[in-house]
1. Would you say LEU192 is aliphatic (A, V, I, L, M), within 18 Å of the chain's Cα centre (by Cα), exposed (fewer than 15 other Cβ atoms within 10 Å of the Cβ) and modelled with pLDDT of 90 or more?
2. Pull up segment 33-45, narrow it to residues that are under 20 Å from LEU95 (Cβ atoms) and not aliphatic (A, V, I, L, M), then point me to the one that is surrounded by the most Cβ atoms within 10 Å (Cβ to Cβ).
3. What pairs come out if I take residues in segment 166-188 that are closer than 19 Å to THR147 by Cα and assigned to a helix (DSSP H, G or I) and pair them with residues that are at pLDDT below 85 and charged (D, E, K, R) whose C-beta lies under 9 Å away, six or more apart or interchain?
4. Please work out if ALA139 is at pLDDT 85 or above and out of contact with any helix residue (DSSP H, G or I) (no Cβ under 6 Å at 6 or more places or on another chain).
5. What helices (runs of 4 or more DSSP H), lying completely within segment 19-122, carry at least 3 residues that are touching a residue at least 24 places away in the same chain (Cβ under 8 Å), among the aliphatic types (A, V, I, L, M) and closer than 22 Å to LEU137 by Cβ?
6. Just to verify a result, which residue in segment 58-103, among those that are surrounded by fewer than 18 Cβ atoms within 10 Å (Cβ to Cβ) and among the basic types (Lys, Arg), is modelled with the lowest pLDDT?
7. Restricting attention to segment 46-56, which residues are closer than 26 Å to PHE201 by Cα and surrounded by fewer than 19 Cβ atoms within 10 Å (Cβ to Cβ)?
8. Answer yes or no as to whether ALA29 is more than 20 Å from ASN132 (Cα to Cα), in contact with a helix residue (DSSP H, G or I) (Cβ under 6 Å, 6 or more places away or on another chain) and of a type in the set (Gly, Ala, Ser).
Amino acid sequence: MEEKQNNIWFVTLVLTIIAGYCDTITFVAADKIFSAHVTGNFIVFAYQMIKGSEGDAWIKLLTFPVFMLSVMVGGWISARFSNRHFLLLCEGIILLLAGIITYSLGYIENGEITWPMYLVTMIVVFAMGLQNAFGKLFAKETFGPTTMMTGNVTQFALDIRSFCNSGFKNADFLSGVNKGLVTLGGFLIGCLLGAWVGRLFGLGGILLPGVAMVICYYVSKPLSTEVKS
């Protein structure tokens, strides 16, 4: 039981860091596009339409069909393979592919708006769709959502309120706070890393979460990748 909890802790931390990283690096280095929290693109789209800023605002809306297709593919993969974490391996491979494409098409400098930039960004959106599908299909594998923090912040606030009412008498308090610190702290760390790497290396930095995800898969996989009949 303790080993399983440690595994959930590790997976949650890695996934939140990667989601924060990817969301931020595409925002910083790819025309302000959110790759994990795609609903944020509605806001950026509306802002760019009103302001008439540089870049193609409609590209923001393209993230939605790409994201939805990815979630459907994630559902298909999860139904085919018995290893729940196989989706994470697929995500890691896709992120690695995005990084390789970045360099094969030439270094994409931060702020330069080109079609390769949009192509790589949509590949990252697809990868994040798989992570969202994993979170929905296998909710017990993590402490909470790993790509959208609103629900985690809400639960964290409720846990603090519970402490204010009952103090340390509530045995679930420390557990809830620890989970909140892992999810929120991991996402914040990922955001800071994504902003820093995106500023220095542009979208080429997307290689790092790809490597991290593949490592996460081989360290934490609970079952062998066995194809269902």
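1. So LEU192 fits the description; yes.
2. At the first step, the residues of segment 33-45 found to be under 20 Å from LEU95 (Cβ atoms) are 33-38, 40-41.
Next cut, not aliphatic (A, V, I, L, M) only: 34-35, 37, 40-41.
Values: PHE34: 24, SER35: 32, HIS37: 18, GLY40: 18, ASN41: 23.
Here the answer is SER35.
3. That search, which allows pairs on different chains as well, returns GLY176/ASP159; VAL177/ASP159; LYS179/ASP159; GLY180/ASP159.
4. Against the criterion (at pLDDT 85 or above and out of contact with any helix residue (DSSP H, G or I) (no Cβ under 6 Å at 6 or more places or on another chain)), ALA139 qualifies.
5. Working: elements: 40-51, 59-80, 86-104.
Helices (runs of 4 or more DSSP H) meeting the threshold: 59-80, 86-104.
6. ARG84
7. Our first condition is that a residue be closer than 26 Å to PHE201 by Cα; within segment 46-56, this holds for 48, 53-56.
Once the filter is applied, which keeps residues that are closer than 26 Å to PHE201 by Cα and surrounded by fewer than 19 Cβ atoms within 10 Å (Cβ to Cβ), segment 46-56 yields SER53, GLU54, GLY55, ASP56.
8. So ALA29 passes the test.
The values are calculated or read from the model by the stated rules, or taken from the named source; none is laboratory data. The model shown is predicted, which means the values in this text are computed figures rather than measured ones. Because the Cβ atoms are built from the backbone with ideal geometry, glycine has one as well, and the counts that use them run over all protein chains shown.
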